[in-house]
Amino acid sequence: MRIRVKICGCTGVDDVAVALDAGADAVGVILAPRSPRAVGIDRLQEIAAYVPALVSLVAVFTDPSSSMVDEALKVGAIPQFHGAEPASVCEAFAAGPYLKAYHVGSGDVTRDEFDAFARPYEHATWLFDTAGADGSSGGTGEPFAWEIVRRLAGERHVVVAGGLNAENVGACVRTVRPFAVDVRSGVETDGKKDARKVRAFVEAVRTAEQTLTV
């Protein structure tokens, strides 16, 4: 079982180079204005020109305009909708596979509740992130209780984000057995991507996946 690794919050080709050197499967570029790692379309285009084939480029949005999503699609980016976008918006914008964030609070996520919520998002791969204090947003840098989504991960492709780092991602992999893990601040030092931390994170994922059985 191979767990995919996404290094998010890349702000330039130097960050992408660090992620690629460590063996990441995907890089994320944030276009949500409120994020401290936000960049514009010009920077996304520059990064897109650098990312090689067979590595996924993900453009992260929070309630974006259709024109912004269209620009990201033009350079081959996979949209990740991280706000309160309804299914009708995500399906219309993306017209194909995309990531959709589900913000996890302190309560359990039951199969029936999640299925009812997720059903209209026909093309979504679900990314579970820790809810902010207002129950939304994510980007808290704090993990949620991974057991909450363990059952869901056995039935669909699940991406886990929220407070991951090289020290705890192995436990996450063993607990959830996710399709992918997503990290941003957990591989940074002073707000910058740290090559040592990125490499340690990917290595921790690879070590943990070797303990999993089919």
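The values are calculated or read from the model by the stated rules, or taken from the named source; none is laboratory data. Being a predicted model, the structure only gives us computed values, none of them experimental. Quick reminder, even Gly has a Cβ in these numbers, built from the backbone with ideal geometry, and neighbours come from all protein chains shown.
Worth pointing out:
- There is at least one residue in segment 36-47 that is surrounded by 13 or more Cβ atoms within 10 Å (Cβ to Cβ), part of a helix (DSSP H, G or I) and among the charged types (D, E, K, R).
- Identification of helices (runs of 4 or more DSSP H) wholly contained in segment 137-214 with 3 or more residues that are farther than 26 Å from Ala124 by Cα and out of contact with any His (no Cβ under 7 Å at 6 or more places or on another chain) yields 195-209.
- Considering residues of segment 90-124 that are part of a helix (DSSP H, G or I) and of a type in the set (Asp, Glu) only, the residue surrounded by the most Cβ atoms within 10 Å (Cβ to Cβ): Glu91
- Selection within segment 158-199 - hydrophobic (A, V, I, L, M, F, W, C) and surrounded by fewer than 18 Cβ atoms within 10 Å (Cβ to Cβ): Ala171, Ala195
- Looking across segment 15-35 at every residue that is over 25 Å from Ser67 (Cβ atoms) and out of contact with any strand residue (DSSP E or B) (no Cβ under 8 Å at 6 or more places or on another chain), the one that is surrounded by the most Cβ atoms within 10 Å (Cβ to Cβ) is identified as Ala17.
- For segment 49-59, the condition holds for no residue, the condition being that it is at pLDDT below 95, in contact with a helix residue (DSSP H, G or I) (Cβ under 6 Å, 6 or more places away or on another chain), surrounded by fewer than 22 Cβ atoms within 10 Å (Cβ to Cβ) and not β-branched (Val, Ile, Thr).
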